[in-house]
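Visitor: Just passing along the structure, written as structure tokens.
The values are calculated or read from the model by the stated rules, or taken from the named source; none is laboratory data. Values in this document were obtained by computation on a predicted structure and should not be read as measured data. All Cβ positions, glycine included, derive from the backbone under ideal geometry; neighbour counts span all protein chains shown.
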Amino acid sequence: MTDDPKPLTEGTSAPADGAAPSTAPTNDMTRLGDDIVAALKTIYDPEIPADLYELGLIYKIGIDDDRSVNIEMTLTSPNCPSAAELPGQVENAVASVPGVRDAKVNIVWEPPWDPSRMSDEARTVLDMW
């Protein structure tokens, strides 16, 4: 467990086929990554009073050179009653960030989510110490 779990935010690097590496300025990608995280922090689990990012449900944020964003996220349980709505909310929030071309969410189940993935902020809100 880490005190502040941060998902891997990455830009596109050189493709395996030998094409040129990313030409996106690092500071632009950093700003875009920060703005995406801020957008993710606006989405709350309807049953838990904490945002998805602080709950540790966002596993990976990938930003391509064309500013397409791919997000790997999980849910607290495969039986989560919000499974149908949360991925769309994430896509919409990220797609609304200035500079993002489009956003896609992929739900993953490995590794499975557990409370150890929550940040200290989420633990405080949920009084889970």
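Visitor: Kindly indicate whether Pro7 is out of contact with any His (no Cβ under 7 Å at 6 or more places or on another chain), at pLDDT below 85 and closer than 20 Å to Ala122 by Cβ.
Guide: yes
Visitor: Give the residues of the stretch 53-81 that are farther than 19 Å from Asp102 by Cβ and surrounded by 15 or more Cβ atoms within 10 Å (Cβ to Cβ), sorted by residue number. Let's see the steps before the verdict.
Guide: First, the residues of the stretch 53-81 that are farther than 19 Å from Asp102 by Cβ: 53-57, 59, 74-81.
Passing the criteria: Tyr53, Glu54, Leu55, Gly56, Leu57, Tyr59, Thr74, Leu75, Thr76, Cys80.
Visitor: Across the stretch 83-115, which residue is modelled with the lowest pLDDT among those that are surrounded by fewer than 16 Cβ atoms within 10 Å (Cβ to Cβ) and closer than 16 Å to Ile48 by Cα?
Guide: Step by step, filter the stretch 83-115, then rank; the result is Ala83.
Visitor: Give the residue, chosen from Trp109, Trp113, Trp129, that is touching a Gly at 6+ places or on another chain (Cβ under 9 Å), farther than 26 Å from Thr30 by Cβ and of a type outside the set (D, E, K, R).
Guide: Residue meeting the stated conditions: Trp113.
Visitor: Which ones in the stretch 87-129 are among the charged types (D, E, K, R), out of contact with any strand residue (DSSP E or B) (no Cβ under 9 Å at 6 or more places or on another chain) and not in a helix (DSSP H, G or I)?
Guide: Once the filter is applied, which keeps residues that are among the charged types (D, E, K, R), out of contact with any strand residue (DSSP E or B) (no Cβ under 9 Å at 6 or more places or on another chain) and not in a helix (DSSP H, G or I), the stretch 87-129 yields Glu110, Asp114, Asp127.
Visitor: Continuing with the same structure: For the subset of the stretch 12-35 comprising residues that are modelled with pLDDT of 55 or more and among the small types (Gly, Ala, Ser), which member is nearest to Pro115 (Cα to Cα)?
Guide: If we take residues in the stretch 12-35 being modelled with pLDDT of 55 or more and among the small types (Gly, Ala, Ser), then Gly33 is nearest to Pro115 (Cα to Cα).
Visitor: How about the stretch 45-74: which of its residues are over 13 Å from the mean Cα position of the chain (by Cα) and assigned to a strand (DSSP E or B)? Steps first, please.
Guide: Keep residues of the stretch 45-74 that are over 13 Å from the mean Cα position of the chain (by Cα), which gives 45-50, 64-68.
Scanning the stretch 45-74 gives a single hit, Ser68.
Visitor: Give all pairs with beta carbons closer than 7 Å in which a residue from the stretch 100-126 that is closer than 24 Å to Asp35 by Cα meets a residue that is among the charged types (D, E, K, R) and surrounded by fewer than 15 Cβ atoms within 10 Å (Cβ to Cβ); count only pairs at least 6 apart in sequence or on separate chains.
Guide: Sorted first by the residue in the stretch 100-126, then by its partner, the pairs are Arg101/Asp66; Ser119/Asp4; Asp120/Asp3; Asp120/Asp4.
Visitor: May I ask you to verify whether Ala38 is surrounded by 15 or more Cβ atoms within 10 Å (Cβ to Cβ), modelled with pLDDT of 95 or more and within 26 Å of Pro25 (Cβ to Cβ)?
Guide: no
Visitor: Inspect all residues belonging to the stretch 51-60 and state whether any of them is modelled with pLDDT of 95 or more, more than 24 Å from Leu126 (Cβ to Cβ) and among the charged types (D, E, K, R).
Guide: No, that holds for no residue.
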